[in-house]
1. Given 27/409; 409/475; 38/280; 274/333; 198/348, which pairs have Cα atoms separated by over 27 Å?
2. Could you rank the peptides 291-297, 131-137, 276-282 by their average count of other C-beta atoms within 10 Å per residue, with the highest value first?
3. Given 20 °C and 1.002 mPa s, how large is the Stokes-Einstein diffusion coefficient of segment 33-111 in µm²/s, with Rh as the Kirkwood radius over Cα pairs?
4. In square nanometres, what is the average projected area of the Cα convex hull of the chain?
5. Give the peptides 398-405, 156-163 in descending order of average Cβ contacts within 10 Å, highest first.
6. Normalising by the residue count of the chain, find the relative contact order in percent from Cα pairs under 8 Å and 6+ residues apart.
7. What 222 nm value per residue comes from the helices of the chain, counting each DSSP H run with n ≥ 4 as -39,500 (n - 2.57) and dividing by all residues, nearest 500 deg cm²/dmol?
8. Just subtract the alpha-carbon distance of residue 401 and residue 257 from 0.36 nm times their residue separation and send over the number in nm, one decimal.
Amino acid sequence: MNKWLPNFSPPKNFEERVNRSLDRQVKLAVTGLSRSGKTVFITSLVHQLLHGLEGVHLPFFQMVSSSRLRGAKIMPQPDIHIPSFRYDRAIEQLCGDPPTWPQRTNGISEIRLAIRYLTNNPVIKRVSPINTLYVDIVDYPGEWLLDLPLLELTYEQWSEQITRLCETEPRLSLSQEWRTYFNSLDLNNEVNEKVLRKLSKLYTEFLYHCKEPQYGLNLLQPGRFIMPGDGLSNTDNLRTSPLLEFCPMLAIPKGTIKDNSLYAEMKRRYDSYKEHVVKKFYQEYFVSFDRQIVLVDVLNTFNSGYNSFIDMRDSLNMILKSFNYGKTGLINKLFGLKIDKILFAATKADHITPSQLPNLEHFLQQMLAASNNNATFEGVYTDTLALSAVKCTQAAYTNFQGQRISCIKGVPINTDKPVALFPGEVPLEVPMPEEWVDGRFNFIEFKPPRLANVHGGGLPHIRLDRVLEFLLGDKF
Ligand SMILES: Nc1nc2c(ncn2[C@@H]2O[C@H](COP(=O)(O)OP(=O)(O)O)[C@@H](O)[C@H]2O)c(=O)[nH]1
Ligand SMILES: [Mg+2]
């Protein structure tokens, strides 16, 4: 199925540098909170490009629609310390009979594509009419970006923030077991591994509860507690590391703090976490990204209610701090970045009728407004759109009480029969808290479509061609 073109050989180190300097290489980072659709998005994007020669499925991606594509293929990735993105596995599942959604992933991964194309540039055309762009796509959890603010917070400041969050529902109830155990301890007592382990276990369980669909909370720190990574490198495989054995404090101990106390040890671990996990991620990976797409499952937050919406909005704006590297940005001070384009995308747009797409885009813009208004993205192009990586529904019409209304038709995730349903409206403005009544929003999940000619063209999608044009269009 892969389109291995003749005469391709993996670039060597020297060529790697030449490619970068000649702008023939671009590192495209894909992030989003878990279940936002990263794996499906990358799989479909790769599939669209591998099948770029075959069809008319990318009308808004000019390099393809103007017939300049000469072929694309998967190449060995340049960064061998990053686990591979398993396109082969994911596409097998999506194109199986019956098709299924790809398996969950928890860490960072990478895939390299070589795209061969006819250049438009009259000068380059004379020397080398056919060129190759290497696109390295990196998938990493958005949860890791929620850790950036920790770099500016002392252990005490961070603890205070978490304590405040736990004063309101649903965190108040969900954190009860951890809080009760915490309050039974004297933090100035000598450190005890067993106690530390239990404290962090109860705190981690609390974070996992917050993530459950009925609560749908995303502002969960430290990010690696719930998303340690399943990669192979040292920093990725943290699941059993003492770096993850601490938790915030609910109260600062009184009197002189002993150096061997539980409190002192947790503070040390918090600082180590910042140094060896958070900073390392930015230094090892983040600094090399050229372009970024942030995926957001906006529709799911509607289902989970007002608290979940607020939490998602705050998480997103916290995530955006990672892209704030203007003159005053922390990132610039610490690492220095080069991302020049960021796309924010509301995923799973096939869950709504096509007429609702502008509302969905507008809504996402509103969620991000706080960061955008602060002129966060100095010198960075940004855009917002609604997409579906794999379109599982068809637009249809039905008659309701004598009126013709638009709806969608697809196979809901827990059934085998297609149904036509009206999924509800995406509001243009954020509804007031009392308007998020139970049942107002019910965007259901669908099974991936069974396709007769699945290997004969790109997977059905919504607006992936616009995504490609925004993120890569200027590189051809
Ligand atoms: N209908 C629809 N569902 C999608 C789409 N993309 C993802 N999903 C659903 O979202 C789930 C999570 O997607 P995944 O890519 O694994 O999320 P990740 O955790 O961000 O990598 C999938 O199992 C699907 O149920 C899409 O384009 N359309
Ligand atoms: Mg994934």
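1. As for pairs spanning more than 27 Å Cα to Cα, those are 27/409; 409/475; 198/348.
2. In descending order of packing, they fall as 291-297, 131-137, 276-282.
3. 152 µm²/s
4. Working: hull surface 101.8 nm².
Over all viewing directions, the chain projects a mean Cα-hull area of 25.5 nm².
5. Order by mean packing, descending: 156-163, 398-405.
6. Values: 832 pairs, mean separation 91.4, N = 476.
Normalised by residue count, the contact order of the chain is 19 percent.
7. Calculated from helices alone, the mean residue ellipticity at 222 nm is -9500 deg cm²/dmol.
8. So the chain would gain 44.6 nm between residue 401 and residue 257.
A short reminder: the numbers here are calculations on the coordinates, not readings from a lab. Small disclaimer: the values here were computed from a predicted structure and weren't measured. For neighbour counting, all protein chains shown are included, and Cβ atoms are generated from backbone atoms with ideal geometry for every residue, glycine included.
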